[in-house]
Amino acid sequence: SVEKILRVQPDIKKLYLLLRASNPYLATHRLQNEVIGKDIFRVLRDKWGADFGSFISKKVVAVAGDVSLNNLGIKDENMRSQMFEELNVIVHTAATTNFNERYDIAIGTNTMGAFHVVNFAKSCHKLGIVLHVSTAYVCGEAEGLIVEEPLHVNGMQKGSTKLDIELEKQLIEEKLKEFKAHNTDKEVITSVMKSFGLARANLHGWPNTYVFTKAMGEILLMKMKDTLPLFVIRPTTVVSTHSEPFPGWIEGVRTIDFVVVNYGQGILTSFVGNSETILDLIPVDMVVNFMIVALMALSKGLSKNLVYHIGSSLRNPIKLTDVVDAMYYYFKKNPCVDKYGKLMAVTKKLTITGANEFNQNKGSKLVKKTEDLYKTYSLFKGIFDVKNAESLRIVTKGLLMWMVNLTLIQRTLIGKTT
């Protein structure tokens, strides 16, 4: 989203980018190496040439902080005051998307991060909109048509187990105190906290720690929003860019990317799922485009809906078997190359196994663990409604046409008076 905004809206006054860092020097270092140093900035870099560095320094402010802390971890009081005075848009995308993250880290970033962003937003004097980026899979393992509705704690109950976010935080604190008292090894802490997060997620009806902690973040947002102009967008499974700034860019290897990459390298020959399962895949540039459209439309009050799905399963469904075919034909034509430069040819399509066969799978521990984490989505029985998102697209299209016509009228009038 940073790259797109700077590319299509170079006249933006200032973009404050919060980066997890203990001081401004480290924040700037991360900006240079982990953000604008990425290949996705290639088009923008080529456009500005030798002036790229000065353009970035004028437009982007690297802010040292941490969303898991009060005041977003911004220690510099002058910086905080400046942001309170100047910010008119907040886009909250910070998250740990690791399905098997340590529970304390996931709840700190995904749940409490949302809490701290809202608190910070309430101190901003000129704020017009807060856009929170969540995930469509906060629905857990829902089936059928999944509507675009806010999450509330009252609706989050599995059997007799009622979700209590304060209790979850308390349980984490108790675990960490216990580790400290026993001087527990760091690797053991990591392993236990990962298992603990997954157990708590499963107890309350979510398949993994990521979507569980994102769901709790949404619950806190709705509880705290008051009169704040806050909206939630929920992308489905985000895949590589379709066209902007160029096709095929993706950050990291997750979910479906893991399957594609490991199949192409010959590591993965079978995977648990249902061939008829509809996978909801959405290119990352389409997500970013919707975010920008939403910011414009919602800031002008064109929609009162709070939640928007960004997905493809309703309007343009693709089955798991279609993805399997696409992978096979792609890697037959474009085989991977190993570290010795040798082609890694695929000889057959990925085998899709049922849930019962999965339990007898004798693959590597990594593959088996990953299948266990991802099988919810290759066996998923839900379709995401996009009624709110489609309505927003229609009103925005009308707004854009009106703006274009207004510009043409203004140019005509100017032409007549000169």
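The values are calculated or read from the model by the stated rules, or taken from the named source; none is laboratory data. On a predicted model such as this, the values are computed, not experimentally measured, just so you know. Don't worry about glycine lacking a Cβ; one is built from the backbone with ideal geometry, like all the others, and counts go over all protein chains shown. The accessibility values were calculated without ligands, DNA or RNA, using every heavy atom of the protein model including side chains. Shrake-Rupley method; radii C 1.70, N 1.55, O 1.52, S 1.80 Å.
A few points about this structure:
- Residue within segment 37-59 that is part of a strand (DSSP E or B) and either in contact (Cβ under 8 Å) with a residue 24 or more places away in the chain or open to solvent by 20 Å² or more (accessible area, probe 1.4 Å) (or both) present: no
- Qualifying residue in segment 339-358 (condition: within 21 Å of Arg254 (Cα to Cα), outside any helix (DSSP H, G or I) and either modelled with pLDDT under 85 or open to solvent by 80 Å² or more (accessible area, probe 1.4 Å) (or both)): no
- Matching residues, segment 177-202, being β-branched (Val, Ile, Thr), assigned to a helix (DSSP H, G or I) and more than 18 Å from Asp372 (Cα to Cα): Val188, Ile189, Thr190
- Residue check for Thr184: more than 27 Å from Glu390 (Cα to Cα), of a type outside the set (Gly, Ala, Ser) and open to solvent by 20 Å² or more (accessible area, probe 1.4 Å): yes
- Of the residues making up segment 272-331, just one is assigned to a helix (DSSP H, G or I), open to solvent by 60 Å² or more (accessible area, probe 1.4 Å), farther than 15 Å from Arg234 by Cβ and outside the structural domain of Leu379 (by the TED database), namely Ser299.
- Filtering segment 206-225 for residues that are closer than 21 Å to Phe290 by Cα, charged (D, E, K, R) and either part of a loop (DSSP other than H, G, I, E, B) or not assigned by the TED database to the domain that holds Lys387 (or both) leaves a non-empty set.
- Here is the figure for segment 226-247: residues that are open to solvent by less than 50 Å² (accessible area, probe 1.4 Å) and either of a type in the set (Ser, Thr, Tyr) or out of contact with any helix residue (DSSP H, G or I) (no Cβ under 8 Å at 6 or more places or on another chain) (or both) total 4.
- Top-ranked residue of segment 257-271 - restricted to ones that are open to solvent by less than 20 Å² (accessible area, probe 1.4 Å) and of a type outside the set (S, T, N, Q), ranked as nearest to Ile352 (Cα to Cα): Phe271
- Scanning segment 82-103 for residues that are among the hydrophobic types (A, V, I, L, M, F, W, C), within 15 Å of the chain's Cα centre (by Cα) and closer than 22 Å to Leu230 by Cα returns Val91, Ala94, Ala95.
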